[in-house]
């Protein structure tokens, strides 16, 4: 079974962020990057499937040079090889453009299954995977918690999350694309042996072709406008706690 | 090309239509947009028998409601919805298609937009006019930033609206005609086989009616630290709840999860401990009357919705608060 995992590199969670001089994105110079958390779960799901059924796991990532670090980490965890779509300014593209770039890079791979996280932690549009499925002409399902390969090998059965604690099982033929929910399994760490082996694994570089103009553009980013007046309570932990206990007793009256 | 087409979502349970409530919020957004750009407001519902729901939507102030009817739409499939709505949009030719940002819309709408060479502007929290053109506002980086998006393609422009972002009560009443639209579908076009909806465990903890909730997030760091928050909840007589990662890790049972995939709560007071306030969590607790946030990061989005805030180390603040509450209660 050949599984491709599409991953994105995003700013480290809880980074201190600054808007760049264009006002259209972040100043990336001072940021550190890491694998998008939902994509880490997609990679884990792929590695578990490979352990059970055999086959190959290929990591796919679009981004500038720094994306190689994220791919090396995935290779160290057990992915077999990587495909790096070299692209500098992904944030200026729309999802349809990015999905086409990714789909074009794997058109000849003939994967059985493509996995990716349900959304990115930076833009959060939650659609690159679904649009890739459309571009590749294969079925998809989103927000997946479990994947089972049917014995014949040609179909999968997945558990899809719905709202408010409901789920649904969906069956579909392979090849297919699934977007994976965060937190569905425990993430593995790379072993020393894995890190060593990763250095010798193949990273195929693909130049991003010219993309037509985006139909949707991010024009400006800015701190959110506050809808509520927040009363900040300062002081030492003990002072703040005492003041908050007063609020609970005399203002919101729940004590 | 003209019109703002809103696609509403319902499912049939025991012969009755159950609306996804965000549908009416999407309709409110559609109405606002249609008024701003001076185009007719249209709506669509899809299903095996959408007549009843379509008639219900027709009691709103709209130009027309389409009941997209086909037996292959009895159960939701991405292939069935994409093909049907592609045909409807091709026939109606709206300039905007507005949908609620539900799990179902997240499943099919990106693919539907791509079929027109377009990108869905997903999870929109506001629409503002600028020089006669709508600007769609989204949250970025888990709510730490806002972003303004413009549509530049030939259209139609596809938009989905975030839960709680638009006010359904602003939708005006009226009367309009219902038109049945029968898409050309064949069983072979639908590649996936959907099963019945199910719940893993019957909900035994009902947080929806709790007047007081203490909720814990990633900031708690380890399972061994949960009792710290548990003690505060006990002292207050509050229900204990959590954000998703805590339940994913098995530190608290899934039934205590607040957020889009868990329960939606509206207590008198919601105390968020070590919760950064990702959008998926906020939609589950927005209805709280008062929100108190304790977090080490002063830029955490939870402070955007908090009435009271303490920026500090929860491991110092929470035990002190438990002690202060006990003292106030004479415990």
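Only the coordinates and a few stated rules stand behind these numbers; no lab work does. Just so it is clear, the structure is predicted and the values come from calculations on it, not from any experiment. Cβ coordinates were reconstructed from backbone atoms using ideal geometry, including for glycine residues, and neighbour counts include every protein chain displayed.
See the values below:
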item	result
Descending Cα extents along the principal axes, the stretch B:4-189, whole Å	42, 37, 29
Cα-Cα pairs of the stretch A:187-255 separated by more than 16 Å (percent)	78 percent
Pair-distance profile P(r), taking every C-alpha pair of the stretch B:103-152, with 10 angstrom steps and integer %	24, 45, 30, 1
Separation of the residue B:93 and residue B:152 label points, Cα + 7 Å toward Cβ, nm	2.5 nm
Per-selection Kirkwood Rh - the stretch B:207-329 (Cα, Å, 1 d.p.)	13.9 Å
Residue-averaged 222 nm ellipticity for chain A, from DSSP H runs of 4+ at -39500 (n - 2.57), nearest 500	-7500 deg cm²/dmol
At q = 0.19, 0.21, 0.24 Å⁻¹, base-10 log of I(q)/I(0) for the stretch A:1-100 (Debye sum, equal scatterers on each alpha carbon)	-0.95, -1.10, -1.30
Crossing angle, helix A:67-77 versus chain A [Cα axis fit, 0-90 degrees, rounded to tens]	70 degrees
Over the stretch A:68-160, volume per residue of the alpha carbon convex hull, in Å³	128 Å³
Rounded D (µm²/s) - the stretch B:91-194, Kirkwood Rh over Cα pairs, Stokes-Einstein at 20 °C, 1.002 mPa s	134 µm²/s
Cα gyration tensor category, rounded, prolate or oblate, for the stretch B:226-276 with a/c compared to 1.5	oblate
Centre separation in Å (Cα based) which lies between the stretch A:169-208 and the stretch B:106-132	29 Å
Max mean-square fluctuation residue, GNM over chain A, Cα-Cα springs under 10 Å, options A:162, A:47, A:60	A:162
Cα Rg, Dmax, the protein assembly as shown, angstrom units	24.1, 72
Residue B:51 versus residue A:151: modelled label distance in nm, points set 7 Å from Cα along the beta carbon direction	4.6 nm
In degrees, nearest ten, helix B:22-37 long axis to first principal axis of chain B (Cα)	60 degrees
Beta bridges by DSSP in the stretch A:1-149, antiparallel share as percent, to the nearest 5	20 percent
Stretch gain in nm, segment residue B:221-residue B:208, where the contour uses 0.36 nm per residue and the Cα spacing is subtracted	2.1 nm
Cα gyration tensor shape of chain A, rounded if a/c is under 1.5, else prolate or oblate by comparing a/b with b/c	prolate
Alpha-carbon spread of the stretch A:123-237, three principal axes, descending order, Å	63, 42, 42
Relative contact order [Cα under 8 Å, 6+ residues apart], chain A, whole percent	23 percent
Computed lengthening from residue B:331 to residue B:61, 0.36 nm per intervening residue step minus Cα-Cα distance	91.5 nm
Kirkwood Rh in Å, taken over chain B so that all alpha-carbon pairs contribute	21.6 Å
For chain A, built as a Gaussian network whose Cα springs stay under 10 Å, the top-fluctuating residue of A:200, A:116, A:70	A:200
Rounded to 5, the percent of DSSP beta bridges in chain B classed as antiparallel	25 percent
Percent of alpha-carbon pairs separated by more than 15 Å within the stretch B:1-71	50 percent
Chain A: most fluctuating residue of A:154, A:55, A:165 per GNM, C-alpha cutoff 10 Å	A:165
Percent antiparallel among DSSP beta bridges (both partners in the stretch B:4-189, rounded to 5)	40 percent
On Cα atoms only, tilt of A:95-105 relative to the major axis of chain A in degrees	30 degrees
Residues residue A:253 and residue B:177, FRET efficiency given R0 of 41 Å [Cβ-Cβ distance, rounded to 0.05]	0.20
Chain B, relative contact order in percent, only Cα pairs under 8 angstrom and at least six apart counted	15 percent
Rg ratio (alpha-carbon, reference 2.2 N^0.38 Å) - the stretch A:180-223	2.07
Cα-only Debye scattering, the stretch B:211-254: base-10 log of I(q)/I(0) at q = 0.20, 0.27 Å⁻¹	-0.55, -0.95
